[in-house]
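Have a look at the structure below, then the notes.
The values are calculated or read from the model by the stated rules, or taken from the named source; none is laboratory data. This one's a predicted model, so the numbers in the text were calculated from it and none came from an experiment. Cβ: placed from backbone, ideal geometry, glycine included. Neighbour counts: every protein chain shown. Please note that ligands, DNA and RNA were not included when accessible areas were found on the heavy atoms of the full protein model with its side chains. Shrake-Rupley method; radii C 1.70, N 1.55, O 1.52, S 1.80 Å.
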Amino acid sequence: MEGRTIGIFDASLPERNQFVMNNIPVVWGNGLTEEVPVSVCSEMCLPGTHKVLQKGKPVCCYDCIPCPEGEISNVTDSPDCLLCPPEFWPNENRDKCLPKPTEYLSYKEIMGALLTAFSCIGVFLALMISVIFLTHKETPVVRANNSELSFLLLFSLNCFLCSLTFIGRPSEWSCMLRHTAFGITFVLCISCVLGKTIVVLMAFRATLPSSNVMKWFGPVQQRLTVLIFTLIQVMICILWLTINPPFPNMNIDYYKEKIILECALGSAVGFWAVLGYIGLLAILCFILAFLARKLPDSFNEAKLITFSMLIFCAVWITFIPAYVSSPGKFTVAVEIFAILASSFGLLVCIFVPKCYIIIFRPEQNSKKHLMGKIPLRTM
């Protein structure tokens with residue numbers, strides 16, 4: 001049989017164009033007339049896949065397997081896949097490593113905006129109550145049980161603002177500020193409540209015959225008590241910041257496909273020491289207020305303090321397991337919620353009943369009502 005030239009082969013051309021056929025009808029051995037038979041066992045593997053040899057077949061026979069999670073291949077017929085760096089993640093085709101998206105609690109998202117709004121509402125209420133108390137500072141309801149501690153407590157309740165430091169992209173300063181500011185302002189707050197509780201107990205003891213206990217816990221002693229309790233927390237925070245302070249951290253372990261921007265605690269002992277000291281003062285305050293809740297007083301502030309401390313302790317006891325188990329930005333949201341809930345509890349339980357009397361029942365804002373000489377009408 002006479003041979004005929006049906007085309008030429010040029011190895012210098014691209015692989016797909018190396019064999020160029022003349023326009024001569026050819027019937028190939030497998031009966032095909034239009035398609036040119038391939039000379040390889042398998043098609044080439046595209047980027048995003050890698051070659052796996054077929055067992056018992058020639059080396060040109062292989063399967064194209066997609067790269068495993070977290071790996072890419074960016075060349076044709078790649079024998080292996082490459083692992084992306086820790087801060088990168090493959091695209092959908094698994095042929096390119098892209099920077100992982102970052103996650104943190106932002107003002108722009110709904111959860112961050114709502115928490116910010118509640119923080120601002122809390123600050124506004126604290127300022128409004130301060131104005132009401134300031135304009136009625138000479139009235140018995142405000143003067144009873146040390147108006148100075150009441151104003152200091154209202155000032156410390158601006159810990160609503162502390163929650164704002166938890167929102168936004170973590171930085172070195174915000175990480176150190178958020179926990180220390182929260183710890184110090186909350187201790188100042190609880191110290192004021194503790195001082196008011198002790199005043200209630202001492203005032204009742206002072207009504208007993210031959211009792212002079214109030215001289216041992218007058219205004220000077222009350223200020224010193226608040227100062228000493230607060231300074232202890234300040235010292236704890238200084239030691240924490242000096243030895244191993246909180247710092248911004250990129251958590252790449254919790255999620256594979258994104259990075260959590262968070263504030264690492266630095267020293268976990270420092271963090272739990274700050275929380276533990278707040279809890280210790282809160283429990284002490286709750287016990288004293290509970291003991292004084294049935295003292296014969298027409299406007300028994302100990303009852304209000306007991307209820308506020310009950311809310312405070314319940315919130316923070318619930319906070320601990322929620323804080324440990326919440327992932328990513330939800331950890332920060334849980335901590336902000338605990339700050340806001342406990343702050344609102346103190347504000348509403350201790351000050352709203354007094355504001356109600358000042359504004360809506362001014363006839364009860366008298367010394368006779370407070371001393372129990374005139375029965376109070378039902379609110």
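For a protection proxy built on the mean count of beta-carbon atoms within 10 angstrom, sort 164-175, 219-230 highest first, please. Numbers along the way, then the final one.
Working: 164-175: 17.4, 219-230: 15.4.
Per-residue mean Cβ counts within 10 Å order the peptides as 164-175, 219-230.
With r as the distance between the Cβ atoms of PHE290 and ARG361 and R0 = 35 Å, compute the FRET efficiency 1/(1 + (r/R0)^6) and round to 0.05.
Working: r = 27 Å, r/R0 = 0.77.
With R0 = 35 Å, the Cβ-Cβ based efficiency is 0.85.
Run the numbers for ALA314 and VAL131: contour at 0.36 nm per residue of separation, minus the present Cα-Cα distance, in nm. Spell out each step's value before the answer.
Details: separation 183, 0.36 × 183 = 65.88 nm, distance 2.99 nm.
Fully extending the segment from ALA314 to VAL131 adds 62.9 nm.
According to a simple spin-label model (label point 7 Å from Cα along Cα-to-Cβ), what is the distance in nm between GLU138 and LEU53?
Placing both labels 7 Å along Cα→Cβ, they lie 10.1 nm apart.
Between ILE8 and ASN249, how many nm apart are label points set 7 Å from Cα along the C-beta direction?
That separation, rounded to one decimal, is 6.8 nm.
Quick one: with all protein chains in place, what share of the accessible area of segment 83-122 is carbon or sulfur, to the nearest percent (1.4 Å probe)?
Using a 1.4 Å probe with all protein chains present, segment 83-122 comes out at 65 percent carbon and sulfur.
How long is the gain from GLU69 to GLU87 if the chain were fully straight, where each residue apart is worth 0.36 nm and the alpha carbon distance is subtracted? Walk me through the numbers before you get to the answer.
On the way: separation 18, 0.36 × 18 = 6.48 nm, distance 1.43 nm.
Separation in residues times 0.36 nm, less the Cα-Cα distance, equals 5.0 nm.
Work out the FRET efficiency for LYS258 and SER326 from their Cβ-Cβ distance, taking R0 = 22 Å, and round it to the nearest 0.05.
Values: r = 16 Å, r/R0 = 0.73.
Efficiency, from the Cβ-Cβ distance: 0.85.
Round to the nearest 0.05 the FRET efficiency obtained for GLU43 and ALA117 when R0 = 51 Å and r is the Cβ-Cβ distance. Please report the intermediate quantities before stating the final value.
Details: r = 59 Å, r/R0 = 1.15.
After rounding to 0.05, the efficiency reads 0.30.
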